[in-house]
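Novice: Next up is a structure, given as structure tokens.
Here, each number is a calculation from the coordinates, and none is a lab measurement. As the structure is a prediction and not an experimental result, all values here were calculated from the model. We place every Cβ from the backbone using ideal geometry, glycine too, and count neighbours over all the protein chains shown.
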Amino acid sequence: MNDVFGSAILDYQEGNYTEDLVTSTSISEEDTLALPYLFRAFSEMPSLEQTALKLSKGRVLDIGCGAGSHSLHLISKGLNVKSIDISEGAIKACKLRGLKSAHVLDVMNETATFDTLLLLMNGSGIFQSLAHTPLVLKHLITLLNPEGQILIDSSDIKYMYQDDDGGYWMDTNKAYYGELDYTVRYKGKEATFRWMYLDFEHLKIACNQVGLKCELIEKGPHYDFLARLTVD
């Protein structure tokens, strides 16, 4: 990937903010993601994120930390946080923001253990596909300390397939309707990658397959939800 997200995050951090990210998916038109949103304070975060941060405990792994806003809040509350992202630009920005334990790292290569694994801003995206979800969950289990927890948010995007008559159209060639191609563009650079929005019932099924208990913590205002996963 061209590190489009990282370039945008680093530009904002270094005072070079002149435009926002443009995003789209294989089933939706272009939309704007304002860069200041990625640098939001706790009071500006959605309720699901605030709840997840309040529930975080012990040593925390912030997976896909982006600009590091969640990590910064947890550190301000005295928690020990490791922040990881595959984006070099994002991690450089995190370090400039004061995060000392920020690393360019794919979670599948993480080996340390934690009390809380945090996957926010549609954390289910890292699964990429329904078939791949149990494999990722099995790895996440190996990163949990005894009594550890995984806090993850996602959305059920079935509503995006609803037509004016109340029925649903689905691509029969796709294994699961939540699997998408996600495109992001910034200052002439563009990247497309696989992403997934996972509904709660399918998340629960995948958890049952690998021995995780899946608890619905909170529902958001637009088909989104926060779940807590623990070893059953």
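Novice: Is it possible to state the helix-based mean residue ellipticity at 222 nm for the chain, with each DSSP H run of 4+ residues giving -39500 (n - 2.57), the sum divided by total residues, to the nearest 500 deg cm²/dmol? What is it?
Specialist: That calculation yields -7500 deg cm²/dmol at 222 nm.
Novice: Unpartnered cysteines of the chain (Cβ-Cβ under 4.7 Å counts as a partner)?
Specialist: For the chain, the answer is Cys65, Cys94, because their Cβ atoms have no other cysteine Cβ under 4.7 Å.
Novice: Separate question: How fast does the chain diffuse by Stokes-Einstein, in µm²/s, taking the Kirkwood radius from C-alpha pairs at 20 °C and 1.002 mPa s?
Specialist: Stokes-Einstein gives a translational diffusion coefficient of 118 µm²/s.
Novice: Still on this model: Contact order normalised by length for the range 86-232, with contacts defined as Cα pairs under 8 Å and 6 or more residues apart; what percent is it?
Specialist: 25 percent
Novice: Where in the range 148-230 are there GluC sites (Glu not before Pro) that are in a DSSP coil and have at most 11 other Cβ atoms within 10 angstrom of their Cβ?
Specialist: Passing both the DSSP loop test and the Cβ count: no residue.
Novice: Taking amide H positions as placed 1.01 Å from N in the peptide plane, with prolines and chain starts having none, which residues 5 or more places from Cys65, or on another chain, fall under 5 Å of its amide H?
Specialist: Long-range HN contacts for Cys65: Ile84, Asp85.
Novice: Of all DSSP beta bridges located in the chain, what percent are antiparallel, nearest 5?
Specialist: 65 percent
Novice: Rank by packing, highest mean first: peptides 31-38, 19-26, 192-199, with packing defined as the count of other Cβ atoms within 10 Å averaged across residues.
Specialist: Result, highest mean Cβ count within 10 Å first: 192-199, 19-26, 31-38.
Novice: Now a separate question. Distance between Cα centroids, the range 1-41 to the range 53-105: provide it in whole Å.
Specialist: Computed from Cα coordinates, the inter-centre distance equals 18 Å.
Novice: In the range 133-232, what is the volume of the convex hull around the alpha carbon atoms, normalised per residue and reported in Å³?
Specialist: 157 Å³
Novice: List the trypsin sites (Lys or Arg not before Pro) within the range 27-83 that fall in a DSSP loop (any state other than H, G, I, E or B) and whose Cβ has at most 15 other Cβ atoms within 10 Å.
Specialist: Lys57, Lys77
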